[in-house]
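**Student:** Before we start, here is the structure in question, set down as structure tokens.
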Amino acid sequence: MANPTLLPDPTCLHLKCLEASTSVSTALVETTSSETLCPVCHFRSEKVHSRYVRLLADLPWMGCAVRLELHVRRFFCTNQECARQIFTERLPTVVAPYARRTTRLTDIFTLIGFALGGEAGRRLVAGMGLVTSPDTLLRLIHAAQESSHTTPRVLGVDDFSFRRRVSFGTILIDLEKRVPVDLLPDREAETFAKWLKAHPGVEIISRDRGGDYAKGAKQGAPNAKQIADRWHLLKNLSETMQNFFLRKPSQLKAAAPIQPAPASIAEEASPALPWYTGQSKRKAGEEPTVPSRACGTLSPDPRVFPPNRWTWPTLRARWDSPAKGSIPISR
């Protein structure tokens with residue numbers, strides 16, 4: 001028999017046997033209480049009507065999927081005035097009515113949905129050996145109870161996009177606790193002012209440079225101090241400094257004179273001049289010079305050399321000269 005602490009609630013469940021396969025482990029469990037309460041009139045009853053089996057998905061064990069085969073009972077309601085004559089015993093710490101997964105597995109799915117969303121959450125759940133869909137994770141997010149927050153003393157307000165460049169909303173954050181407080185359906189001044197009037201007690205409002213938030217804060221919390229957030233402070237500073245220096249070009253040049261580059265660096269940086277640099281262009285009406293192989297001024301090489309290059313007889317004479325090593329051939 002397995003350790004009973006592996007069950008969702010060992011105080012009300014008893015493990016009868018455990019069946020394991022290569023892909024799933026099935027635990028046969030049954031309830032231990034002898035009586036239960038009617039969900040309508042809350043009368044106690046011990047009269048068992050019948051039994052049936054519920055198949056529930058539970059947390060995986062070492063990467064192996066776990067299924068609970070839960071044997072539950074139906075009871076007769078002993079209250080003659082109750083509208084419910086037969087009811088099923090409730091196990092709130094184990095599973096919700098009509099659910100097909102345990103409460104603790106639903107809590108894990110909800111946490112994953114809030115952390116990663118639909119598609120990414122489904123991939124993580126698949127890596128745990130479980131099966132779910134992105135829509136299921138999103139439904140759990142929508143079904144989760146909203147947590148109540150006290151009115152923050154330091155409120156941060158900024159806009160976000162429901163759909164890029166189409167529809168926008170407003171997010172409100174408690175800057176001292178660093179948690180979101182509420183979401184507004186738009187970024188209008190009237191909506192923000194209405195929220196501030198419904199939640200008095202805000203002393204400091206950190207906002208962007210938008211005029212709507214300034215107007216809404218002035219209407220909804222006139223005594224609150226409005227400040228710019230850190231990002232907009234740095235943006236304001238950078239824009240102000242940029243505009244200031246753009247109006248002072250002569251002072252910038254005088255303060256930072258251009259230093260001449262060293263000769264070696266200048267030579268390396270200067271681009272190589274083409275071979276025709278310094279040569280005069282052909283005059284208008286002048287016939288182009290067409291070298292002829294018959295005049296003996298061309299090399300046997302069929303390639304045509306550009307004008308003012310060394311001719312073949314000159315190059316041959318230089319090559320046959322005994323001092324050819326000391327005579328530069330290139331220009």
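Read-outs: derived from the displayed coordinates by stated rules, not from any lab. Everything quoted here is computed from the prediction, not taken from an experiment. Every residue, glycine among them, receives a Cβ derived from its backbone with ideal geometry; neighbour counts consider all protein chains shown.
**Student:** Hey, got a sec? Which GluC sites (Glu not before Pro) in the stretch 149-233 land in a DSSP loop and have at most 13 other Cβ atoms within 10 Å?
**Tutor:** Passing sites in the stretch 149-233 are Glu176, Glu203.
**Student:** Separation between the Cys41 and Glu203 pseudo-spin-labels, each 7 Å from Cα along Cα→Cβ, expressed in nm?
**Tutor:** My value for the distance between the label points is 5.6 nm.
**Student:** Going through the stretch 6-67, which trypsin sites (Lys or Arg not before Pro) have at most 16 other Cβ atoms within 10 Å and a DSSP loop state?
**Tutor:** Passing both the DSSP loop test and the Cβ count: Lys47.
**Student:** Ranked by Cβ crowding within 10 angstrom, fewest neighbours first, how are Asp320, Asp174, Asp182 ordered?
**Tutor:** The order, fewest Cβ neighbours first, is Asp320, Asp182, Asp174.
**Student:** Now for a separate question. Can you sort Phe245, Phe168 by how many other beta carbons sit within 10 Å, fewest first?
**Tutor:** Taking fewest neighbouring Cβ atoms as first place, the list is Phe245, Phe168.
**Student:** Report the full-extension gain for the segment Arg104 to Arg316: residue separation times 0.36 nm, less the Cα-Cα distance, to one decimal in nm. Write out the running numbers ahead of the final one.
**Tutor:** Details: separation 212, 0.36 × 212 = 76.32 nm, distance 9.69 nm.
This chain segment gains 66.6 nm when fully extended.
**Student:** Quick one: check the C-alpha center-to-center distance for the stretch 154-172 versus the stretch 217-246, whole angstrom.
**Tutor:** 18
**Student:** At a Cα cut-off below 14 Å, give the aspartates and glutamates reachable from Lys194, other chains included and same-chain residues fewer than 8 away excluded.
**Tutor:** Straight-line reach from Lys194, under 14 Å: Asp182, Asp186, Asp212.
**Student:** So which GluC sites (Glu not before Pro) in the stretch 43-104 are both in a DSSP loop and have at most 12 other Cβ atoms within 10 Å of their Cβ?
**Tutor:** The qualifying sites are Glu46, Glu81.
**Student:** Give Lys177/Lys218; Lys215/Lys248; Lys177/Lys235 a once-over and call out the pairs whose C-alpha atoms are over 31 Å from each other.
**Tutor:** Lys215/Lys248
**Student:** Only counting other Cβ atoms within 10 Å, I'd like Leu13, Leu37 sorted with the fewest neighbours first. List each step's numbers first, then the result.
**Tutor:** Working: Leu13 22, Leu37 16.
Listed from fewest to most nearby Cβ atoms, that is Leu37, Leu13.
**Student:** Give the aspartates and glutamates whose C-alpha is closer than 12 Å to that of Lys47, dropping any in the same chain fewer than 8 places away, or say none.
**Tutor:** Glu35, Glu89
**Student:** About the Cα centre, and with charges only on the beta carbon of Lys, Arg (+1) and Asp, Glu (-1), how big is the dipole of the stretch 154-232? Nearest 20 debye, please.
**Tutor:** Value, rounded to 20: 160 debye.
**Student:** Another question, if that's okay. Calculate the spin-label point distance for Ser147 paired with Gln251, positioning each point 7 Å from the Cα along the beta-carbon direction, and give it in nanometres.
**Tutor:** Modelled inter-label distance: 5.2 nm.
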